[in-house]
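**Student:** Please find one structure pasted underneath; my questions will follow.
The values are calculated or read from the model by the stated rules, or taken from the named source; none is laboratory data. Computed from a predicted structure; not experimentally measured. Cβ coordinates were reconstructed from backbone atoms using ideal geometry, including for glycine residues, and neighbour counts include every protein chain displayed. Ligands, DNA and RNA are excluded from the accessible area calculation, which covers all protein heavy atoms including side chains. Shrake-Rupley method; radii C 1.70, N 1.55, O 1.52, S 1.80 Å.
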Amino acid sequence: MTERHRHQHTTSAAGQRTRLVAVLAITVTVLVAEVVGGILTNSLVLLADAGHMASDAAGIGLALAGIWFGTRPETPQRTFGYQRAEILAAVVNAVLLFGVGGYILVEAVRRLFEPPEVGSGLMVVFGLVALAGNTVSLSLLWKGQRESLTVHGAFLEVASDALGAVAVIVAALFISVTGFARADAVASLLIGALILPRTWRLLREAIEVLLESTPRGVDIGDIRRHIAETPGVVGCHDLHAWTITSGVPVLSAHVVVTDRVLADGTAPQLLDQLQECLASHFDLAHCTFQLEPAGHADHERAGHP
């Protein structure tokens, strides 16, 4: 990561951190309240919404971890710092959330056949508490979500939490008015169905980073064409693009240049052109290029089978 990019990241993070910490605190508080409410009322939908909020708390926590790890200095032993730790945490969270989502779905199906008695009155109270907490969080994130993708993602997660709280309230009112206790299980199935796809997406994206897959939205063929069309460039090989952590894509390439570029001292200008091209067209701020004459690739293969 360049110093300029790191400075921008740090400055932006400073403005986001306070809001995200406040939202995380509210989310965890409501999560605990819903767990207590679920136990007191024997309501699965409250526990399901607590699991839903746990998935969102994990997302917000990972966003904060990304900000924190992204500002940690590199060391001789860890030349990219601790940025990959965010991805490892995402894998652990995804595995745990799969367990939560699976339990909710299995228990909801069981309750469809054997619906227990639930305290619908308390369910409404805890649902309203959750909705109030989500409303406060949305107000905290409203302005920042227009300025930052990180905050925008947290805003969408809290908005989905608000829908979960509405599902709790609707199910409780339905049970109170009609006595149809299975409404608790039906609402739980809906919330469980929200948790699992998002958890799978989190796990898949984390695994792609760990496998050093090409970042989403990056077309290697298009990058190769841009490099090859730069004046003074003859070809390109050993082109690799991967992601260190969320929001930090990197690229390396061996660029074959004309003898004139190497002889007349214009190599630094060519490097600037390549860096500017990939930063502006592909949002790749951290690129490493090796400039070499034609035929050097054969020498590399001979020395490095």
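**Student:** Here is a list of conditions, (1) hydrophobic (A, V, I, L, M, F, W, C); (2) in a loop (DSSP other than H, G, I, E, B); (3) modelled with pLDDT of 90 or more, and A130 meets all of them except one; can you say which number that is?
**Tutor:** Against the list (1) hydrophobic (A, V, I, L, M, F, W, C); (2) in a loop (DSSP other than H, G, I, E, B); (3) modelled with pLDDT of 90 or more, A130 comes up short only on (2).
**Student:** If G265 passes every condition in (1) of a type outside the set (F, W, Y); (2) assigned to a helix (DSSP H, G or I); (3) more than 19 Å from I220 (Cα to Cα) but one, which one does it miss?
**Tutor:** For G265, the failing item is (2).
**Student:** Taking V218 as the residue in question, decide whether it is in contact with a Pro (Cβ under 7 Å, 6 or more places away or on another chain) and closer than 30 Å to E276 by Cβ.
**Tutor:** yes
**Student:** Now for a different question. Residues of the stretch 159-198 being out of contact with any Ser or Thr (no Cβ under 6 Å at 6 or more places or on another chain) and among the hydroxyl-bearing types (S, T, Y), which ones?
**Tutor:** Hits for the stretch 159-198 are S160, T178, S188.
**Student:** Quick one: which residue in G66, G15 is touching a Gly at 6+ places or on another chain (Cβ under 9 Å), part of a helix (DSSP H, G or I), modelled with pLDDT under 70 and open to solvent by 30 Å² or more (accessible area, probe 1.4 Å)?
**Tutor:** That would be G15, the only listed residue that is touching a Gly at 6+ places or on another chain (Cβ under 9 Å), part of a helix (DSSP H, G or I), modelled with pLDDT under 70 and open to solvent by 30 Å² or more (accessible area, probe 1.4 Å).
**Student:** Moving to a separate point now. If you scan the stretch 48-63, which residues turn out to be touching an Asp or Glu at 6+ places or on another chain (Cβ under 7 Å), modelled with pLDDT of 85 or more and of a type outside the set (D, E, K, R)?
**Tutor:** A50, M53 - these are the residues of the stretch 48-63 that are touching an Asp or Glu at 6+ places or on another chain (Cβ under 7 Å), modelled with pLDDT of 85 or more and of a type outside the set (D, E, K, R).
**Student:** While we're here: Output yes when any residue across the stretch 46-56 is open to solvent by 10 Å² or more (accessible area, probe 1.4 Å), in contact (Cβ under 8 Å) with a residue 60 or more places away in the chain and closer than 27 Å to K143 by Cα, and no when none is.
**Tutor:** yes
**Student:** Give me a count of the residues in the stretch 270-290 that are open to solvent by less than 40 Å² (accessible area, probe 1.4 Å) and either touching a residue at least 60 places away in the same chain (Cβ under 8 Å) or farther than 18 Å from P249 by Cα (or both).
**Tutor:** Number satisfying all stated conditions: 4.
Residue by residue, here is whether (1) within 24 Å of the chain's Cα centre (by Cα); (2) modelled with pLDDT under 85 holds:
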{"position": "A90", "(1), (2)": "yes, yes"}
{"position": "N93", "(1), (2)": "yes, yes"}
{"position": "G102", "(1), (2)": "yes, no"}
{"position": "V125", "(1), (2)": "no, no"}
{"position": "T150", "(1), (2)": "yes, yes"}
{"position": "E157", "(1), (2)": "yes, yes"}
{"position": "L173", "(1), (2)": "no, no"}
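**Student:** Moving on to the next point. I want to confirm something. Restricting to the stretch 213-227 and keeping residues that are assigned to a loop (DSSP other than H, G, I, E, B) and farther than 13 Å from D283 by Cα, which single residue is most open to solvent (accessible area, probe 1.4 Å)?
**Tutor:** Per the criteria, the residue is T214.
**Student:** Scan the stretch 70-124 for residues that are basic (K, R), open to solvent by 80 Å² or more (accessible area, probe 1.4 Å) and either closer than 17 Å to A181 by Cα or in contact (Cβ under 8 Å) with a residue 24 or more places away in the chain (or both) and jot them down.
**Tutor:** R110
**Student:** Could I ask something else about it? Could you list, in sequence order, all residues of the stretch 239-256 that are in a strand (DSSP E or B) and modelled with pLDDT under 90?
**Tutor:** Correct list: T243, I244, T245, V248, P249.
**Student:** Quick one: which residue in V168, V186, V177 is β-branched (V, I, T) and open to solvent by less than 20 Å² (accessible area, probe 1.4 Å)?
**Tutor:** Just one listed residue meets the conditions, V168.
**Student:** Follow-up question, since we're still on this one. Would you tally the residues in the stretch 234-269 being closer than 30 Å to L202 by Cα, surrounded by fewer than 15 Cβ atoms within 10 Å (Cβ to Cβ) and polar (S, T, N, Q)?
**Tutor:** 1
**Student:** Hey, another quick one. Any residue that is surrounded by fewer than 16 Cβ atoms within 10 Å (Cβ to Cβ) and assigned to a strand (DSSP E or B) - is there at least one of those in the stretch 200-212?
**Tutor:** no
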